[in-house]
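Enquirer: This is the structure I have questions about; it appears just below.
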Amino acid sequence: MAMLLNDLRERLLRAGVAPASVRLYLAELADHLADLTEDERQAGRGRAEADAAALFRLGEADGLAKAMIERRQFQAWSARAPWAIFGLSPLVLLAGAYLGAGLILWSGWKMFLSGADTPFVPIHGPAVVYFGLGKLAYFGAPLLIGWAIGLIAARQRSNAAWPMVGLIPVALIAGAVQVHAVRSPPAGAAYRVWMDVPLAGMAGALLHSVEIFLITATPYVIWRLARARLPDRPAA
Amino acid sequence: MATRETNPHFMNGVPELLILRLLHQDEMYGYEIVQAIQSRTGAVITVGEGVVYPVLHGLKRDGALSSRRKTVNGRTRIYYCVTPAGSHRLADLAATWSTLTAAIKGMLTGGPNGDAVKRPA
């Protein structure tokens, strides 16, 4: 029974069926199999014979998998449009996080440091928490997004190339982008905050990108290596 | 090992119709549904035991069914029942199926424009 369900789980996930749909399907199949076994036992069969008969009645993995796979409504978005999930979404999320971090920096500068020419000065009190949120978004977003990419790819048994489509650009951008904050003269005029990728110091940026890539990709790589060692469960 | 006899080609859309019909009367869980289809069709129609769940999940996703978890004899089961949208779907499917079967019956029995099919001697 466990072998059938494990086999079925792998087939469905690799075929792109959403993990939540797979989980529900397998749970109901396990219940159904228990009912069938009970039915066979009540018909007078021994335990082993009842188990075999119940498995036969439930159907073969091919048929059970096909019934789910051919219904497109159960397909996960990471299988329907992997370029969007692994390629586009991480960049949009990263841009959103950077925009949020920039807004926090800009508004915090106006609220807590209105007399200062730069927000990059020692801060105290509630400003620490406020600016801390911005820092969390700025430094944490690439890591969280990278780990999320790995998690989605692992759950869906995606081809290893897809998570790299997201992890590499996120690491490159996160490693290279720099924040600037300048108060335009005359004093008291506009507070300007922006981000760019300066060409000077690209070697350092690249090193930083490699660090981010390693931190975000390592859990996924470990997962793949661990799976590759399991018998009958090759990595996707 | 022998393969189980189902009705693969003829069954397109039929499990959905039968399930909606059954659940229109009572809430049931998957195993009950398969048994009910077998017993009420005199085992003429056999739905693959495990194949019923993709149909149930699909109908639920379409809003034709709702479900709830219920613990019976220490086991948690998922019971399904028809929603108002499912009732409409059942009525449409039943009408389509009735028209189709009437047309096929007409063909087989000769109808107004043909001869009845006779069993070869």
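The values are calculated or read from the model by the stated rules, or taken from the named source; none is laboratory data. Remember, it's a predicted structure, so these values are computed and weren't measured experimentally. We place every Cβ from the backbone using ideal geometry, glycine too, and count neighbours over all the protein chains shown. Surface areas here come from the heavy atoms of the whole protein model, side chains and all, with no ligands, DNA or RNA. Shrake-Rupley method; radii C 1.70, N 1.55, O 1.52, S 1.80 Å.
Enquirer: State all residues of the stretch A:50-108 that are more than 14 Å from every other protein chain (Cβ to nearest Cβ), of a type in the set (D, E, K, R) and either under 30 Å from A:Leu172 (Cβ atoms) or within 27 Å of the chain's Cα centre (by Cα) (or both); if no residue qualifies, say none.
Expert: Of the residues in the stretch A:50-108, the ones more than 14 Å from every other protein chain (Cβ to nearest Cβ) are A:50-51, A:77-108.
From what is left, the residues that are of a type in the set (D, E, K, R) are A:51, A:80.
Passing the criteria: only A:Arg80.
Enquirer: Can you name every residue in the stretch B:46-79 that is open to solvent by 30 Å² or more (accessible area, probe 1.4 Å), free of Cβ contacts under 8 Å to residues at least 12 places away in the same chain and facing another protein chain (nearest Cβ under 10 Å)?
Expert: If the condition is that a residue be open to solvent by 30 Å² or more (accessible area, probe 1.4 Å), free of Cβ contacts under 8 Å to residues at least 12 places away in the same chain and facing another protein chain (nearest Cβ under 10 Å), then B:Arg61, B:Arg75, B:Thr76 are the ones that fit.
Enquirer: Then there is this: For the stretch A:6-21: of the residues being open to solvent by less than 20 Å² (accessible area, probe 1.4 Å) and part of a helix (DSSP H, G or I), which is nearest to the other protein chains (Cβ to nearest Cβ)?
Expert: So, considering only residues that are open to solvent by less than 20 Å² (accessible area, probe 1.4 Å) and part of a helix (DSSP H, G or I), the one nearest to the other protein chains (Cβ to nearest Cβ) is A:Ser21.
Enquirer: When the residues of the stretch A:106-119 are filtered to those that are hydrophobic (A, V, I, L, M, F, W, C) and surrounded by 14 or more Cβ atoms within 10 Å (Cβ to Cβ), which remaining residue is nearest to A:His180 (Cα to Cα)?
Expert: Step one: filter the stretch A:106-119 for residues hydrophobic (A, V, I, L, M, F, W, C), giving A:106, A:109, A:111-113, A:116.
Add one more test, that the residue is surrounded by 14 or more Cβ atoms within 10 Å (Cβ to Cβ), and what stays is A:106, A:109, A:112-113, A:116.
Numbers: A:Trp106: 10, A:Trp109: 13, A:Phe112: 18, A:Leu113: 16, A:Ala116: 14 Å.
By that ranking, first place goes to A:Trp106.
Enquirer: Same structure again: In the stretch A:27-49, what count of residues is obtained for those that are within 29 Å of the chain's Cα centre (by Cα) and within 16 Å of B:Gly48 (Cβ to Cβ)?
Expert: Residues flagged as within 29 Å of the chain's Cα centre (by Cα) and within 16 Å of B:Gly48 (Cβ to Cβ) within the stretch A:27-49 amount to 2.
Enquirer: With A:Ile168, A:Ile173, A:Ile123 as the choices, which residue is out of contact with any Pro (no Cβ under 6 Å at 6 or more places or on another chain), of a type in the set (A, V, I, L, M, F, W, C), open to solvent by 30 Å² or more (accessible area, probe 1.4 Å) and outside any helix (DSSP H, G or I)?
Expert: A:Ile123 is the lone residue from the list that is out of contact with any Pro (no Cβ under 6 Å at 6 or more places or on another chain), of a type in the set (A, V, I, L, M, F, W, C), open to solvent by 30 Å² or more (accessible area, probe 1.4 Å) and outside any helix (DSSP H, G or I).
Enquirer: What is the one condition in (1) open to solvent by 30 Å² or more (accessible area, probe 1.4 Å); (2) away from every other protein chain (no Cβ under 14 Å); (3) at pLDDT below 95 that B:Leu17 does not satisfy?
Expert: Among (1) open to solvent by 30 Å² or more (accessible area, probe 1.4 Å); (2) away from every other protein chain (no Cβ under 14 Å); (3) at pLDDT below 95, the lone unmet condition for B:Leu17 is (1).
Enquirer: If you don't mind, another one. Residues of the stretch B:59-110 being more than 17 Å from B:Leu23 (Cβ to Cβ) and of a type in the set (D, E, K, R), which ones?
Expert: B:Arg75, B:Lys105
Enquirer: Could you tell me whether A:Leu105 is in a helix (DSSP H, G or I) and at pLDDT 95 or above? Give the steps one after another, and end with the answer.
Expert: Values: in a helix (DSSP H, G or I): yes; at pLDDT 95 or above: no.
No, not satisfied.
Enquirer: In the stretch A:25-38, is there at least one residue being modelled with pLDDT of 90 or more, under 18 Å from B:Gly30 (Cα atoms) and in contact with a Pro (Cβ under 9 Å, 6 or more places away or on another chain)?
Expert: yes
Enquirer: Which residue is farthest from B:Thr76 (Cα to Cα), if the candidates are limited to the stretch A:32-74 and must be outside any helix (DSSP H, G or I) and open to solvent by 30 Å² or more (accessible area, probe 1.4 Å)? Talk me through it step by step, then tell me what you get.
Expert: Going residue by residue through the stretch A:32-74, those that are outside any helix (DSSP H, G or I) are A:43-46, A:59-60, A:70-71.
Imposing the further condition that a residue be open to solvent by 30 Å² or more (accessible area, probe 1.4 Å) reduces the set to A:43-46, A:60, A:70-71.
Details: A:Ala43: 24, A:Gly44: 25, A:Arg45: 25, A:Gly46: 25, A:Glu60: 25, A:Glu70: 28, A:Arg71: 26 Å.
Result: A:Glu70.
Enquirer: Does A:Tyr130 satisfy the condition of being surrounded by fewer than 19 Cβ atoms within 10 Å (Cβ to Cβ) and over 30 Å from A:Glu10 (Cα atoms)? Let's see the steps before the verdict.
Expert: On the way: surrounded by fewer than 19 Cβ atoms within 10 Å (Cβ to Cβ): yes; over 30 Å from A:Glu10 (Cα atoms): yes.
Yes; evaluated as a whole, the condition is true for this residue.
Enquirer: Could you count how many residues in the stretch B:21-32 are buried (at least 22 other Cβ atoms within 10 Å of the Cβ) and hydrophobic (A, V, I, L, M, F, W, C)?
Expert: Number satisfying all stated conditions: 1.
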